[in-house]
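The values are calculated or read from the model by the stated rules, or taken from the named source; none is laboratory data. This one's a predicted model, so the numbers in the text were calculated from it and none came from an experiment. We place every Cβ from the backbone using ideal geometry, glycine too, and count neighbours over all the protein chains shown.
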Amino acid sequence: MVLFNQAKNHQDKKRYFEKMMAFKEAKVKTVSAAQYEFYDKWYYTAVREVLNFYPFKGDYPELAKLVTPVITPSEARQAIELLERLNLIARNDDGIYTLTDTLITTGYGVQAVCINNHILNSLTLAETAIDRFKREERNFSWVALSISQDGYKKIVEELRASRRKMMSIVDQDQNPDRAYLFNFQVFPLSRPYKKGDSRGSK
């Protein structure tokens, strides 16, 4: 809101307005620290997303086969029991498990060990996905940059804005038929260097 009010021209105002709308339209629930167990196993996330389109009533073998990589029926049951206990899913009057909230997030600044484990598990899934899926079913890209700390902060904010926009798209999507995992990674490829730094000379 502050950036929108301080914008000097129409293009900047339009950009900040779109960011605000993307954040406002997507009703995102923040996962509490008591619910971080949800991030302990990668397939908890997968099962939860599958329930967004699969009318699950208790067929654990079928639910397990929908997840990729395939999990066991006992793992599917474990996921359902945990999701229900954490109030992330609930059974409706027809006996079908549904999401209590379409979108969830840990929020920014979370540093719990289980979150780091979840990130590492996601990276492993991404690595194996190269061979498990056809190219048209996945999207991998990368870019190497040389930027300042200020430039890095701007890129991080753009990624945050992009995630909010994605959440808005998901929130308004009426016919989901598959679960996806989007990974965003930005990390250094070098140490910082300042002019005159002795590390850069021989």
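Miscellaneous remarks
Results for (1) at pLDDT below 90; (2) of a type in the set (D, E, K, R); (3) more than 23 Å from Ser122 (Cα to Cα), shown as yes or no for each residue.
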position	(1), (2), (3)
Lys153	no, yes, yes
Met167	yes, no, no
Asp177	no, yes, no
Phe187	yes, no, no
Lys195	yes, yes, yes
Ser198	yes, no, yes
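- Those residues of the stretch 39-54 which are part of a loop (DSSP other than H, G, I, E, B) and under 18 Å from Arg178 (Cβ atoms), in sequence order: Leu51, Asn52, Phe53, Tyr54
- Residues of the stretch 77-95 classified as surrounded by 14 or more Cβ atoms within 10 Å (Cβ to Cβ) and either part of a loop (DSSP other than H, G, I, E, B) or in contact with an Asp or Glu (Cβ under 9 Å, 6 or more places away or on another chain) (or both), total: 4
- Scanning the stretch 141-179 for residues that are within 28 Å of Pro69 (Cα to Cα), surrounded by 10 or more Cβ atoms within 10 Å (Cβ to Cβ) and either touching an Asp or Glu at 6+ places or on another chain (Cβ under 7 Å) or not basic (Lys, Arg) (or both) gives Leu159, Ser162, Met166, Met167, Ser168, Ile169, Val170, Asp171, Gln172, Asp173, Pro176, Ala179.
- Scanning the stretch 98-117 for any residue that is at pLDDT 95 or above and either buried (at least 16 other Cβ atoms within 10 Å of the Cβ) or of a type outside the set (A, V, I, L, M) (or both) turns up nothing.
- Residues that are assigned to a helix (DSSP H, G or I), more than 15 Å from the chain's Cα centre (by Cα), modelled with pLDDT of 90 or more and acidic (Asp, Glu) do occur in the stretch 55-67.
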